[in-house]
Every structure is written in structure tokens, then in C-alpha cells.
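The values are calculated or read from the model by the stated rules, or taken from the named source; none is laboratory data. This structure is a prediction, so every number in the text was calculated from the model and none was measured. No Cβ is skipped: glycine too gets one built from the backbone with ideal geometry, and neighbour counts run over all protein chains shown. Side chains included, ligands, DNA and RNA excluded: accessible areas come from the protein's heavy atoms. Shrake-Rupley method; radii C 1.70, N 1.55, O 1.52, S 1.80 Å.
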Amino acid sequence: MPAGAPRATETLREESGGRFKGRSRRQRISKLLIGIEERLDLKNSKVTVADFIRLTQLERELEDEEQPREIIVTWKDPAEKRCGLKDYAPLPSQTKFHASTARFKGFSGPIGSGKSQALCQEAIRLSYLNPGRQGLVGAPTYPMLRDATLTSFLEVLTSNGIRHELNKSESVLLMKDTGSRIYFRAVDDFERLRGTNLAWFGLDELTYTGEEAWLRLEGRLRDPRASRLCGFAVWTPKGFDWVYRRFVRNVVAGYDVVLAEPFENRYVLDKIPDFYDRLRKSYDHKFFEQEAMGEYLNVQAGVVYQGFQRKRNLREVEIDGALPLYWALDFNVDPMSSIVAQKSGDEIRVLDEVVLGRASTVQACEEFHARYANHQAGIVIYGDASGQRLQTAGTTDYQIIKEFFRHTAYRNVSFRVPPSNPSVRERVALVNAKLYSADKEVRLFVHPRCTGLVADFEEITFKPDSSVIDKERDTKRTHLSDALGYLIWQEYRPGAIFGEQSRRLI
């Protein structure tokens, strides 16, 4: 129950001179009901027909000869109303999801369809339905758990005044009103999911979780004292994977799924009317159908950069002395790879690539400086977040680059490096959108001299039946396209304006 929620308790005692002395149990219950109704603050209480039915049935069934010494009636917010917190008006698909009584249920929908809210609200609801019991909220990786899932969950608790206590070191949250404990766990290492029995669990972005993790949690859903055993998940479609097979195509007994529709989320469209138009510009056609429309498509089949075509994307772009140079790096010893580009409006023009076998960061700087020593419009450096890790010499790759450029004639050198790398899915989607977007625009041009980058675009594939890029097929591949992906993600990621990034819309 939220802090401050009304709680009325009446105690009737059989004692000499009491105001209820001499009355039957039924008469006392009737009087008690009248008193509660008179004092009930309807503006601040959640009252259901079921509550009144239970009390009136009790009133009818009591016999005059039953004269207990004490009757205690507690009026409190029903657990079943936990999915109706004050700042939550469920959309039609969210309502169907919460109403499902299946042991295992899912919520599948495009970005902006309210998946994160559905996850948080269902978890809170189940923690009230199972007071004193243990539940688990999981995400594919720890960064996603920390930056998205847990952040959204805490926001919902705080905005609704639900008393809680988070043990950050153990990632365990105590719901103070119910005594329920909620474990927050990354599920990429599913072998660590063995242990305590659970009353319920919920997983965020299930399509980026291995089936083994889901099955391991199914096995932990066995608390004999739980009032409502339930495992649930939310996700964006990702092709015909195990989630599709288990929840959608051949539904397993005891499973249920709600497929949210695009354009359903009126809250997003009220705030951002051109939400889908922006995504259409940011994504390639197939990825738009999957992410924005919620369609199940085999977008993982074949090459990773399906938007690339030589006749569309190759152009002998020239350097513009008035624009800064963008230098994006992938810190790999062999080969040390980077690309040089410029940005003009929504266009990215890749001018050059620098590929050095078994080279150091300093050698990469020296090669870049040898090629572009006279460029005075500024340098912007992008790259792999791993370049911020300390090396054995006690410094980082980016500190080495900064120190190198401090001794050059460049007027302005800046860095645009995220604290952690973007997901492969987002990075690849944005590169494909620049190569050829859903609105059939080309906004990425590559000079023909960049033969390594062209080879990446044409040869990199996914591993069979997965969304994992095959990096083992050719160890020389992926580095240049990764470097370009870091640049494009930093400049054009939808999460900087909208979308389901570290802070979800709804």
C-alpha cells in the first residue's frame, strides 16, 4: 500500500458496558459497515465491488448465536489494484497483459508500446499478491538492467509513493508494505540463476536473452507459499527465434502472449506526433517494420549491412576544409582500425580508412597526423568505449590520443565517447538506416578507396539462427564497420531524443 493510504480498522470487543454489548454478530457487522462507509474518503481510497460483496456476504451468513469475543475488519487497498497505480492508465494491450492468468505470459510490441511500464507494473502487482515472498526482475545484461530496467522500476515506485529500500550492493529491493523482496539480476550467465524458490519473475527484452536462462527461471518458480505463481516477460520482436516459437507460433501449454499494436500508445504520440516518422528516417525498411511496427521478420538472415549497395553508397567524396574531421577508432591490436569522415547535415561521408597491422595507439595517431596534418577546422574523436580502460602502463587509449594531439598544430580536438558501447542491434540498425533508410533515402557515402569498409558491408554475416555477428569467420572483418557504427550511433541515436533507451517513454 502506498505511504499515506487510508487504513481503517474497527475492533469490536465483548466487554461490560461496550456500545455493541447485547447485539448479535450480524448486527455488529452491519453497524461496522455503516461506520466505515461514513468515514471512508473516496478520493483517496480504491474501492472495488468485490470488497462490498465480501462484506455483505459475511453480513448475511452470520448467525445470531455466533458471539465471538473480538471482530477485526481491516480496510486497505486491494492487492489486485496494484496494476492501477495513480500515474498509470493502461493501454488496451497492457490491460489484456495484466488480466491474463496464465502461468507464463508475454507482452510483445514495437518500441514505444509501453513494454517497460507493463513490466514494472506487473512486478509490483505480483509483489502485493505474494506478500512476504520473493520475486526476480531480470534483463539480458547488467548495463541494461542498471540503466533501463532498474531505473524505470524505481521511478514507478517513487512516483507512486510506494515505500521501498534498495540494497545496491546486492541488487535486492525490499517492498516495505508487504515484506516482499525483489532480486534484480542480469541473466546472461544463466548458471547463476540457481537457488532460492521464487513466487514470480519478470524479464525485460526477452528476445535478447537465451532460452536457457528462461528455462532456468521456470525451474525456480516453485514457492509453495505463493498466492500467484507467474513468470512473465516483455520484448520487441527479433525474427523467428525461440521466443517466437514458444510464445507465438506454437504456443506451449500454460503460455499466453499479448501482441501490442503500433500507434496504440497515445501518450507517446501526444508528446511526439512525428514519433514514427522519425523512426522511419532512423531505421532501414526491415528494421523499421520490426522495431516500430512490431512485425516478426527474419531480419537476421544473410548479411548484416543489408542496406549497402555499391551503386548507391560509393562516391568519390572530397574533404571539406571548412568542416571538422571525424576520426572513429576500434581499438584492436591487429589490425588497429579507424575511419575518417565528415558530417554535412544528415549525411555522413567516409573519406578514408586507416588499417595498421599489430600497431599501437600512438602509431595510429602518427598515421592519422601524417595524412591530415594541415586540417585546421578541428578534429572530433569517436570510438570504442573500451578505450577508456586503463592499460598496464597506467593510462588509457584516449589519454594517449589526447596527449599526442596536445603536441600538434590542431586548433580544436574534442572527444565524443560514451561510457559504454551501444548494443550491436542499435548500432547496426543506425548504420543500415544511413545506407538506405525506410523512407528510401541514402545518407551514408563511402569513398571507393575504403576497400576494407566495403568488404565489411558486403561480407559480414550473422551466425546461423541468431542475431550475433560472426566475428570468427574472418578476423580482419568488423573492425572498420564497428568504428563507423560508434560514430553514427553517437551522432544519430534515437535515444538522444526519444525511444526506449536508458529512460523509457511509457
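Looking at S282, S344, S337 in this structure, which one is under 30 Å from N412 (Cβ atoms) and in contact with a strand residue (DSSP E or B) (Cβ under 6 Å, 6 or more places away or on another chain)? Can you show your working first?
Details: S282 fails: in contact with a strand residue (DSSP E or B) (Cβ under 6 Å, 6 or more places away or on another chain); S344 fails: in contact with a strand residue (DSSP E or B) (Cβ under 6 Å, 6 or more places away or on another chain).
It is S337.
Looking only at segment 394-404, count every residue that is in a helix (DSSP H, G or I) and surrounded by fewer than 17 Cβ atoms within 10 Å (Cβ to Cβ) and tell me the total.
Our first condition is that a residue be in a helix (DSSP H, G or I); within segment 394-404, this holds for 397-404.
The next check asks that each one be surrounded by fewer than 17 Cβ atoms within 10 Å (Cβ to Cβ); those that pass are 399, 402-403.
Summing the residues that are in a helix (DSSP H, G or I) and surrounded by fewer than 17 Cβ atoms within 10 Å (Cβ to Cβ) in segment 394-404 gives 3.
Restricting attention to segment 377-393, does a residue exist that is part of a strand (DSSP E or B), among the small types (G, A, S) and either closer than 28 Å to R310 by Cα or open to solvent by less than 10 Å² (accessible area, probe 1.4 Å) (or both)? Full working, then the answer.
Of the residues in segment 377-393, the ones part of a strand (DSSP E or B) are 379-383.
Next, from what is left, pick out any that are among the small types (G, A, S): 383.
Subset that is either closer than 28 Å to R310 by Cα or open to solvent by less than 10 Å² (accessible area, probe 1.4 Å) (or both): 383.
Checking segment 377-393: at least one residue is part of a strand (DSSP E or B), among the small types (G, A, S) and either closer than 28 Å to R310 by Cα or open to solvent by less than 10 Å² (accessible area, probe 1.4 Å) (or both).
Please note which strands (runs of 3 or more DSSP E) are completely contained in segment 158-277 and include at least 2 residues that are closer than 21 Å to Q121 by Cα and open to solvent by 30 Å² or more (accessible area, probe 1.4 Å).
On the way: elements: 164-167, 172-175, 180-186, 200-203, 230-235, 255-259.
By residue number, 164-167, 180-186, 255-259.
Could you tell me how many of the residues in segment 332-360 are more than 16 Å from I488 (Cα to Cα), open to solvent by 10 Å² or more (accessible area, probe 1.4 Å) and either at pLDDT 95 or above or in contact with a Phe, Trp or Tyr (Cβ under 8 Å, 6 or more places away or on another chain) (or both)?
Counting residues in segment 332-360 that are more than 16 Å from I488 (Cα to Cα), open to solvent by 10 Å² or more (accessible area, probe 1.4 Å) and either at pLDDT 95 or above or in contact with a Phe, Trp or Tyr (Cβ under 8 Å, 6 or more places away or on another chain) (or both) gives 0.
(1) within 20 Å of D320 (Cα to Cα); (2) in a loop (DSSP other than H, G, I, E, B): which one isn't true of P422, the others all being true?
Status for P422: all satisfied but (1).
Go through (1) assigned to a helix (DSSP H, G or I); (2) modelled with pLDDT under 85; (3) open to solvent by 10 Å² or more (accessible area, probe 1.4 Å) for V73 and report which single condition fails.
(1)
What pairs come out if I take residues in segment 368-383 that are within 14 Å of Y398 (Cα to Cα) and in contact (Cβ under 8 Å) with a residue 24 or more places away in the chain and pair them with residues that are acidic (D, E) and open to solvent by less than 20 Å² (accessible area, probe 1.4 Å) whose C-beta lies under 7 Å away, six or more apart or interchain?
Qualifying pairs under 7 Å: G383/D330.
Let me confirm something: among G302, G387, G307, which residue is closer than 22 Å to S282 by Cα, in contact with a Phe, Trp or Tyr (Cβ under 7 Å, 6 or more places away or on another chain) and in contact (Cβ under 8 Å) with a residue 40 or more places away in the chain?
Values: G302 fails: in contact with a Phe, Trp or Tyr (Cβ under 7 Å, 6 or more places away or on another chain); G387 fails: closer than 22 Å to S282 by Cα.
It is G307.
Tally the residues that are in a helix (DSSP H, G or I), under 20 Å from the mean Cα position of the chain (by Cα) and modelled with pLDDT of 85 or more, restricting the search to segment 76-94. Even if it seems obvious, please write down each step before you answer.
At the first step, the residues of segment 76-94 found to be in a helix (DSSP H, G or I) are 79-84, 92-94.
If we keep only those that are under 20 Å from the mean Cα position of the chain (by Cα) as well, we get 83, 93-94.
Checking the rest, the ones that are also modelled with pLDDT of 85 or more come to 93-94.
Counting residues in segment 76-94 that are in a helix (DSSP H, G or I), under 20 Å from the mean Cα position of the chain (by Cα) and modelled with pLDDT of 85 or more gives 2.
Restricting to segment 106-142, name every residue that is in contact with a Lys or Arg (Cβ under 8 Å, 6 or more places away or on another chain), part of a loop (DSSP other than H, G, I, E, B) and within 26 Å of D270 (Cβ to Cβ).
Listed by number, the list holds a single entry, G109.
Just name the residue that is farthest from K281 (Cα to Cα) out of those in segment 442-454 that are surrounded by fewer than 21 Cβ atoms within 10 Å (Cβ to Cβ) and in contact with a helix residue (DSSP H, G or I) (Cβ under 7 Å, 6 or more places away or on another chain).
G452
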